[in-house]
Amino acid sequence: MKARLRAIVLVAASASAAFGVALGAPGAAASEPAPQPATPVEHFIYVMQGSATFDHYYGTYDGADGIPDDTCQPLAAADCVQPFALHGTDPPPLSDIGGIQEAQYNDGAMDGFAAAFEAAGRDRRAPMGYFDRRDLPVSWRLADDYVLFDRFFAASQHGARTNRSFWVAAAPPRYVTTTDTTAATIDQPTIFDRLESAGVSWKFYVQDYDPAETFQARGGSRPVTQTIRVPLLEQERFVTDPALASHIVDLAEYRSDLAAGTLPAVSFVAASRSGERSPASIPAGQRLLGGMVDALAASRYWTSSAMLITYDSPGGWYDHVPPPTSADGELLGFRVPALLVGAHVRSGVVDSTPLDSSAGLAFVEGNWGLEPLSARDAGSPGFGSAFDFSAPAREATIIAAAPVSTPSFAVRTAPVMWLYGAAAIAGLAVIGIAYASGRGHRGGRGSAAPAELNPLEQPP
Amino acid sequence: MSATTDALETVPGAPDSTPRFGRQGTRRLIGAAWPVAALVAVAGTMRFVGLDAVGFNSDEAVYAGTAASLGGDTSLEPYFPVFRAHPVLFQTLVAGVEQMLGTGTDWVPRAVAAVVGIAAVLVTFSLGRRLYGPSAGLIAGLILAVMPYHVVVSRQVLLDGMMTLFVTVALYCIVSYVESARATWMCAAGSAMGLAFLSKETAVVLLGGLFAFFALTPWVTLRLRHIVAGFVPFAALVAIHPLSQALAGKATAGSSYLIYQLSRPENHPMTFYASVVPWAVGIFVLTAAVVGLVWLRREGTWRERLLMCWAAFPIVFFTIWPVRGYQYLLPIAPVVAVLAGRAVSGLVTVRAFRRRRRTAQAAVIAVTAILVASLAVPTAQQISPSTTGSFLAGTGGVPGGREAGHWVAENVPANARMLSIGPSMANILQYYGQRKVYGLSVSPNPEVRNPAYAPVSNPDRALRRGELQYLVWDSYSAGRSPTFSAKLRGLVDRYNGVPVYSGTVGAGTKDRPVIIIYAVWPDP
């Protein structure tokens with residue numbers, strides 16, 4: 001009897017927990033009202049893509065600090081490599097060369113991009129390739145319509161794993177010492193802990209999400225790729241606590257949440273095959289970004305949302321701006337592309353505020369009244385200058401091009417109206433004259449003809 | 001050619017209607033006005049009650065959209081260019097009225113159509129009176145005033161109502177010409193036919209009936225100069241259509257549509273009109289008309305032959321013509337009404353009533369009342385908003401379409417693109433939603449598609465590229481095109497469609513929505 005009662009209580013508790021999760025009000029903080037956002041942005045979506053530098057994506061974008069005209073990266077011999085357009089080529093992914101960023105940085109000279117590849121015995125010309133509007137129609141269109149940041153730096157000079165850690169925790173990974181090869185190796189506070197404590201709804205959307213691919217599936221000391229893209233999966237509680245784990249979902253739920261009205265206040269998005277980690281995945285990445293923005297534009301959330309799109313690391317590509325140090329005194333990585341999209345975002349502006357990925361965290365913390373995670377996000381200048389909350393929310397627009405179709409041609413309508421009007425008047429006048437003259441001819445008898453037959457009407 | 005004598009016009013026994021003044025004149029005026037007032041009241045009630053209870057159907061959306069474009073509404077011009085297929089006399093009239101009364105409602109364009117319909121009732125009254133006397137005219141007018149076919153069509157923003165008005169005017173002029181042999185009537189008939197053409201070019205089919213009448217009635221002859229007198233205004237008015245296109249900067253729209261019409265596949269079986277029109281004009285009315293023709297055959301004159309030719313030619317033509325629209329045979333409605341009016345008013349000649357004038361009048365009134373009631377009941381049913389998920393094009397507004405369009409206008413980004421099963425729902429959503437909506441069933445092959453519609457040559461590719469953001473399923477189009485409905489459903493599944501709008505009508509479709517709009521998102 002007791003066992004049955006316990007089972008009923010457990011089921012009830014599970015159901016209420018599930019209901020609470022479904023409502024986006026996590027159990028611990030469910031009783032307290034969630035903090036209201038300080039700005040009209042009630043939903044913040046933070047998309048982290050793969051590897052690119054600003055010059056690699058926007059080096060030829062008008063109005064931005066792009067590739068200088070006289071750029072030519074020196075080589076060991078008295079030679080240099082100029083930037084070149086990658087459009088129409090099928091470039092292979094850049095070789096993964098450990099510590100290459102430091103060599104490319106070259107103590108701030110920013111002249112080691114080609115030389116580092118040459119020294120590693122790789123194609124020295126490769127890092128100087130750049131894309132443009134033809135290859136990045138969505139990214140450039142978003143830059144045209146919203147805010148493009150041309151001083152947005154990778155959070156560190158290390159690789160994707162470290163940069164993605166900054167994305168969620170404003171700090172590099174904090175490793176724990178353990179001899180258990182199946183235990184989590186990272187444990188640190190993240191923005192999601194802050195959101196959870198405050199009762200602010202959140203989700204982490206993952207493309208092709210595999211719930212089994214966590215730190216628990218790690219082989220040896222090498223992390224599986226999903227945990228690099230989704231740093232939460234390296235931490236024990238986000239994997240083993242069902243309430244927290246339920247926030248990490250497949251990207252397909254993004255669209256259904258938009259349609260169903262269940263978009264959380266804060267959303268993080270990590271792509272996989274559309275992550276633009278290599279040139280081959282750029283078309284898919286453009287479709288992903290366009291689809292996400294268009295889905296948001298088509299949803300009820302457009303006027304209350306903002307979406308920050310950026311890239312985790314430079315990936316070896318050329319950029320000409322030496323990175324500054326951040327608020328915590330660390331040297332930042334090279335510039336990465338970054339865009340802010342939304343109904344309250346300024347239009348067609350290139351914003352040169354020096355930022356890194358902690359700016360997104362700083363916005364979340366400021367908007368929902370959360371404590372900063374580190375000196376990095378606490379000291380971020382933020383991207384408030386990219387918003388214009390004094391203006392009414394902008395109309396939603398679709399980014400994707402229209403299908404090729406036959407356009408309709410405008411015509412001059414005035415001659416049509418006049419001609420038809422004149423025709424109607426003339427035609428009716430003729431009929432009226434005939435009717436009037438008919439009456440007169442008949443002596444005003446009117447048109448009432450009786451049914452009687454006239455012999456002349458019959459056939460002869 | 002020998003002339004028709006003027007003697008035909010002066011029929012013995014006609015009442016003397018010389019104007020007189022004073023009390024008698026007033027009485028005469030009231031006597032002449034009450035039938036008109038009664039017809040306007042009955043016809044107006046049938047046409048105006050609940051006029052905009054249901055939103056536009058596809059054709060209405062097109063014509064109202066064209067009128068708005070003509071009136072300078074730039075927001076609708078991209079979806080409804082001025083020159084699509086037909087001449088634009090009716091649309092010009094709607095545009096003019098909208099400029100006076102204001103735009104943005106369904107009521108004004110439909111009110112224009114309704115007023116045109118009431119005018120057709122009055123012309124039918126005049127035609128019947130001219131042919132068979134006041135009683136026949138009044139009965140004919142009453143029949144047309146409540147006839148389902150005419151009421152339903154003249155409550156819609158369609159071209160056929162105005163075309164029917166002018167061809168009936170033309171018929172009146174022909175009758176007057178035959179009676180008087182005066183060239184002015186032929187000139188007026190040509191003008192009326194020209195205006196009918198400018199309303200809808202299919203009016204030219206009626207010329208075949210006219211030709212048949214003169215060919216089959218050799219003792220009613222024509223003078224060559226009278227033919228010219230009729231042809232000149234007709235040709236001058238017809239020329240307005242290409243001339244206006246040329247002046248507006250779009251000279252080729254009509255020709256490509258004509259090519260399309262000539263090559264269109266059959267849309268209804270050949271038995272379509274036989275199965276639909278008798279019920280639409282009223283079985284009892286049709287029976288009365290036919291019985292009258294048989295019963296009064298000894299009293300038959302050129303008048304019945306004219307009416308028969310006038311009605312028979314379009315019936316034969318459109319039965320053979322592969323493209324059959326519900327409203328195409330509307331011009332025969334006044335003729336049927338007049339023949340029925342003739343038959344009913346002819347009851348006074350029945351031998352049993354010869355010396356009982358009051359009984360005869362009572363019989364005429366009773367039969368008229370039965371006929372009118374037999375029409376009014378189905379008419380009232382047809383003009384009530386439908387609660388089913390099926391629909392015959394041309395029989396009224398599309399339930400739920402306007403509401404879906406308004407949802408689109410409020411919730412869909414301005415430059416979003418949608419794909420529906422066919423162009424019908426696309427037109428409705430474009431009119432109310434002012435968003436680009438393509439039709440899946442619109443063929444990419446220019447030889448077999450309506451040139452007014454833009455196809456999506458490869459819907460799969462367009463969806464993969466994110467070029468289309470919404471798919472629209474509706475039960476009306478699905479009923480007509482199950483293949484394309486299944487294809488659209490397949491696209492919904494393939495591109496992760498999520499329903500964002502679901503429209504139902506009445507209580508009957510609560511569990512089965514008539515319109516569903518899906519947001520789609522291709523896998524990147």
Quarter of Cα convex hull surface for the range B:327-468, i.e. mean projection, nm²: 12.9 nm²
If you wrap a convex hull around the alpha carbons of the range A:102-237, what volume per residue comes out, as a whole number of Å³? 193 Å³
As a test of understanding, state the convex hull volume per residue of the range B:85-128 from its alpha carbons, in Å³. 89 Å³
Over the Cα atoms, compute the radius of gyration (one decimal) and Dmax (the largest Cα-Cα distance, rounded to a whole number) for the protein assembly as shown, in Å. 38.5, 129
Thinking of chain B as a set of Cα atoms, what percent of all their pairs are more than 40 Å apart? 28 percent
Just want the ordering: B:Val121, B:Val169, B:Val178, B:Val367, from fewest to most Cβ atoms lying within 10 Å of their own Cβ. B:Val367, B:Val178, B:Val169, B:Val121
Percent RCO, i.e. relative contact order, over chain B, from Cα pairs under 8 Å lying at least 6 residues apart: 17 percent
I'd like the Kirkwood hydrodynamic radius of chain A, using the inverse of the mean 1/r over distinct C-alpha pairs, in Å. 25.6 Å
Where does the range B:401-519 land on Rg/Rh, using Cα atoms and the Kirkwood Rh? 0.94
Taking only C-alpha pairs under 8 Å that are 6+ residues apart, what is the relative contact order of the range A:30-151 in percent? 27 percent
Where labels lie 7 Å past Cα in the beta-carbon direction, separation of B:Arg223 and B:Ser384 in nm: 5.7 nm
With r defined as the distance between the Cβ atoms of A:Arg125 and B:Arg494 and R0 fixed at 41 Å, what FRET efficiency is calculated, to the nearest 0.05? 0.50
Residue separation between A:Asp107 and A:Arg300 times 0.36 nm, minus their alpha-carbon distance, gives in nm 64.6 nm
Starting from 0.36 nm per residue, how many nanometres of slack lie between A:Thr178 and A:Asp132 once their C-alpha separation is accounted for? 11.9 nm
Residues other than A:Lys203 with Cβ under 10 Å of its Cβ, Lys/Arg counted +1 and Asp/Glu -1, net out at -2
Isotropically averaged projected area of the range A:27-124, using the convex hull of Cα atoms (one quarter of hull area), nm²: 12.0 nm²
Net lengthening on full extension, B:Val291/B:Ala486 (0.36 nm per residue, minus Cα-Cα): 65.4 nm
Taking B:Trp279, B:Trp321 and counting other C-beta atoms within 10 Å, the order from fewest to most: B:Trp279, B:Trp321
Rounded to whole Å, sorted largest first: equivalent-ellipsoid semi-axes of the range B:16-140, Cα gyration tensor: 38, 14, 14
For peptide B:460-468, how many partner chain Cβ atoms fall within 10 Å of a residue's Cβ, on average? 5
So what is the relative contact order for the range B:401-519, in percent, with contacts set as C-alpha pairs under 8 Å and at least six apart? 24 percent
Table column - 3J(HN,Hα) (Hz), the range A:133-145, Karplus curve with 6.51, -1.76, 1.60, x for Gly and Pro: 4, 5, 9, 10, x, 6, 4, 6, 5, 5, 5, 4, 9
For the range B:263-338, what is Rg from Cα atoms divided by 2.2 N^0.38 Å, rounded to two decimals? 1.19
Two decimals is fine: what's Rg over Rh for the range A:206-336, C-alpha atoms, Kirkwood radius as Rh? 0.99
Report the local net charge at B:Gly55: Lys and Arg +1, Asp and Glu -1, summed over other residues whose C-beta lies under 10 Å from its C-beta. -3
Burial ordering of B:Phe318, B:Phe125, A:Phe204, fewest other beta-carbon atoms within 10 Å first: B:Phe318, A:Phe204, B:Phe125
What is the packing order of peptides B:59-67, B:236-244, B:23-31, taking the mean over residues of other C-beta atoms within 10 Å and listing the highest first? B:59-67, B:236-244, B:23-31
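Read-outs throughout are calculated quantities, based only on the coordinates presented, and are distinct from any laboratory measurement. Predicted model only: the values in this text are computed from it and were never measured. Cβ atoms come from the backbone with ideal geometry, glycine included; neighbour counts cover every protein chain shown.
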